1. Only residues that are among the hydrophobic types (A, V, I, L, M, F, W, C) and either more than 9 Å from every other protein chain (Cβ to nearest Cβ) or at positive phi (or both): list them for the stretch B:58-77, please.
2. Kindly list, by first and then second residue, each pair from a residue in the stretch A:1-20 that is touching a residue at least 40 places away in the same chain (Cβ under 8 Å) to a residue that is of a type in the set (Phe, Trp, Tyr) and surrounded by 15 or more Cβ atoms within 10 Å (Cβ to Cβ), limited to pairs with Cβ atoms under 6 Å and residues at least 6 apart or on different chains.
3. Check B:51, B:31 and return the single one that is within 10 Å of another protein chain (Cβ to nearest Cβ) and surrounded by 14 or more Cβ atoms within 10 Å (Cβ to Cβ).
4. Name the single residue that is nearest to residue A:8 (Cα to Cα) among those in the stretch A:53-65 being part of a helix (DSSP H, G or I) and more than 9 Å from every other protein chain (Cβ to nearest Cβ).
5. Of all the residues that make up the stretch B:408-433, how many are touching a residue at least 60 places away in the same chain (Cβ under 8 Å) and crowded, with 19+ Cβ neighbours inside 10 Å?
6. Filter the stretch B:247-282 for residues that are modelled with pLDDT of 85 or more and polar (S, T, N, Q) and give the result.
7. Please determine whether any residue of the stretch A:161-170 is over 23 Å from residue A:32 (Cα atoms) and more than 7 Å from chain B (Cβ to nearest Cβ).
8. Could you check how many residues of the stretch B:351-374 are farther than 27 Å from residue B:310 by Cα and charged (D, E, K, R)?
Amino acid sequence: MMDANEREVYRAAIHGDRDAFEMIIRTHSRQLFAIAYGILQNREEAEDAVQDALVKAWKSRWRVRHPEKFPAWLCMIARHRARDVFRRRRVPETLEGHALSCPTISHTDATDPNALDRQLHSALATLPELHRSALTLRYFEELDYASIEKLLGLSNGALRGILGRALAAMRKQLRPALASLE
Amino acid sequence: MTLHDDIDIYLAAELHNELSAKEQSALHSHLLDCAACRKLHQETKAMNKILEENLATEKADPAFEQRMLAGFRNRIPQRTGGLAKLIVDLMRLRSAQIAAVAAVLLALVQVGRMVTGEASMPSRKREYVADAEYRAQPMNAPASAPAEEALTTSNELAAGRADSSARAEMAVDSVASGQQLEDEKKELGQLHQPRAAKLAKAQELPSADAYQDKDRAAQQPPEQSPTANRKLIRNAGVELEIASFDDTVPKITAFASEERGYVATTNSQKQANGKLRGTVVVKVVPENLDRFLQKIRGLGELKNQTLGTDDVTKAYFDTDARLKNARVMEQRLIDMLKTKTGKVSDLLQVEKELARVREEIEKMQGELKFWDSQVQFATVTISLAEKDMEEPAAFLLKERAQLALYSPDVEKIYNDIKALASPKVQITNAQLDRDNTGRVSARLSILMAPEESDAQIAKIKAMGRVENFQVQTERVTQGGTGMSENAKTKRDKVELNITISREEQEQSFQQTNLRIRTSAVDEKAKELRGLAEKEAGRVLSSSFSRDPNGREFANVCLRVPMKNYPALMQSLEPLGKVENVSVHRQDRTGAQIDEANAPADVSIQVYSQGNIVSQQSGLLATLRRTIAQSAAAIMWSVRMIGVAIAFLAPWVIALVALGWLTRRAIRARR
């Protein structure tokens, strides 16, 4: 379980200790960024969302009853925040989003690293946001399953399922590119 | 579910190193068997590699945390100080919490006290001390503060712990104010009295070291204390209540000579009730003063006793020293006269000086002798008063009578009573009033000699109808209060107050209301007047009216003597249908009433039926009334709702504000 020292830091932060809260920012903001990026797939927006989430967390820190649930709560705020940003963006970007959702993957561009990148992102965009967040947490921060489960509030089986299905979906979409790579 | 179906999950977990050893071996054996899964395995591996290489580039850059921190600090500036924060921080301390709870409880108790108006005991006591101090101030201003101190530290002082003479002196000063306190408060006085005696002794001693000795000395009788060469003038005052003054004076004389003393002066006064009051001044040898006082007390009831000592030691020895000097001066002047032979004028000068010195010597000798005599004998002033000093000497019987007369002719009676005036019947006040409606009333006050009074009052009562007669007798004591067996009783002049009024103004003895229904109202009303005159009555008032529905009303008010009342009532029967008869009789207690002649009022309403349907009934009128009433009811409820809102709104506002503040406080604590 969580060690006593960490727990003490969360408790202090809930009780308004700024230094403890800044400590948590140092240790957790990357994970929050991963989650936000998973939802938004845009670095600037994700960063802003994390920033907003941190401020909001500080202001309503007194709502947390149990210090050990603090990180999960923090992630929840970040997810809500990112989702808000996403929802606001979706209306003007419908056309672009449409374009993203129907990617045309040409075989000739497969070897081009930039083209692969684009294909990767458009494949990601087709996944549900929870799947994306799980993926980003895994591939950005290289967290083990236990940590991801805790942050996203999932059970072990559920996370395995999510990551498995996400990888499979990606694999299906990128099959031509994969083939060319081999 | 077989492994084959879930191959995606197993492959992902395998790549992420999250498979258990058992799962790992199961997967490997399956991959050996299943070519399709082997292919998927390869693809998934490649996918994982792409993700690790490409997606990982999107992760946050190294300066990300710093940016987050900076942004956070920017948006949430550190609040330094801040009263709310200070209070919140303070309230985290357990001791502060306990103190706050205690303060709240105390405040509640105080509020409760204020509401119930109960004053706390300790504060009252403090007030008392302050009050005592205040009273002591005019007498001995600088000592007032030490007085209190002396009271509170009395035990210390008694133990002789006062360590400086200055402090002892201060304490002595405080005695004067302390005695004031003694008079006012027994409980404090009891504590104080023995100490006051000790301090009085301490006065004679130079330092507080001797103070301790003095404590012991205070236990011994005053005669044996080292005051032998001191000049003390003692005097005492005794107030006694005795049975007989003349018997007591010889006894006092006998006691005085027993104690080597004498009666200096005696005086006595006789009071109005024959009791004697007087003063005897006795001189006795100071050593025997206490014994003498003891004896005196046996003579009667002790009312008051005072004992005082006046120390004249310093003045005495000063005068003595100056006398010695003057004597030496005198001797030298005499020698000068004897030996020197100079000019006559010088000799005369010396003679003159000698005369002045001798006069001074004599004056001082006289003074010393006076003091000697004062010191030699203590003065006892005995005030004597015989028992029952307050007994009255005589009684005076004062009689006061009040009479109310009613008559048709006020002026005649007024003049008749005025004609009664004689040296024994004096009219002190006579007044005849006539108001603007022509009603006459009169008021008379008469003083009569006691022997004449009964006859005169009877005569006046016969003049008219007596409504009220009251006699009040008062016994007044003269020259004292209370009862006396021997005092004489005298009758004083009788005071009689008469009011005369016309009979109409008199309140009726009985009042009757009735209604008569008839068709011819006017006619019957006239008939009523005739009836009244027949029964020796008068019409007091009458009125006639007709309302819009054609109903006629005649109101007639009659007054008849009580004896004719039944006859009148019977004669009303033939006039019409008599309805709603009600009779009131006022029982006037304490008044003497001539019932047969007392006036009885009869108020009669004669009325006709009028139209059958009035404008006040019918469909339209009913409708109109109903609408008006419902409008009024609606207005009333609107008003009530307004009142309720006005009453509730402040409470709601206060509660909401309280809730908001509480939320704020809780949030701040988190």
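The values are calculated or read from the model by the stated rules, or taken from the named source; none is laboratory data. Everything numeric in this text was worked out from a predicted model, so none of it was measured. Using ideal geometry, Cβ is built from the backbone for each residue, glycine included, and neighbour counts are taken over all protein chains shown.
1. Start the filter on the stretch B:58-77 by keeping residues that are among the hydrophobic types (A, V, I, L, M, F, W, C), which leaves B:60, B:63-64, B:68-70, B:72, B:76.
If the condition is that a residue be among the hydrophobic types (A, V, I, L, M, F, W, C) and either more than 9 Å from every other protein chain (Cβ to nearest Cβ) or at positive phi (or both), then B:63, B:70 are the ones that fit.
2. Listed pairs, sorted by first residue: A:10/A:70; A:13/A:21.
3. Working: B:31 fails: within 10 Å of another protein chain (Cβ to nearest Cβ).
Sole residue among the options that is within 10 Å of another protein chain (Cβ to nearest Cβ) and surrounded by 14 or more Cβ atoms within 10 Å (Cβ to Cβ): B:51.
4. Here is the first cut: in the stretch A:53-65, the ones part of a helix (DSSP H, G or I) are A:53-59, A:61-63.
This time we only want the ones that are more than 9 Å from every other protein chain (Cβ to nearest Cβ), so: A:53, A:56-57.
Numbers: A:53: 22, A:56: 21, A:57: 17 Å.
So, considering only residues that are part of a helix (DSSP H, G or I) and more than 9 Å from every other protein chain (Cβ to nearest Cβ), the one nearest to residue A:8 (Cα to Cα) is A:57.
5. Of the residues in the stretch B:408-433, 4 are touching a residue at least 60 places away in the same chain (Cβ under 8 Å) and crowded, with 19+ Cβ neighbours inside 10 Å.
6. The answer is B:248, B:253, B:257, B:265, B:266, B:267, B:268, B:269, B:279.
7. Yes - at least one qualifying residue is present in the stretch A:161-170.
8. Looking only at the stretch B:351-374, we keep the residues that are farther than 27 Å from residue B:310 by Cα, and these are B:351-359.
Filter again for charged (D, E, K, R), leaving B:351-353, B:356, B:358-359.
Going through the stretch B:351-374 one residue at a time, the tally reaches 6.
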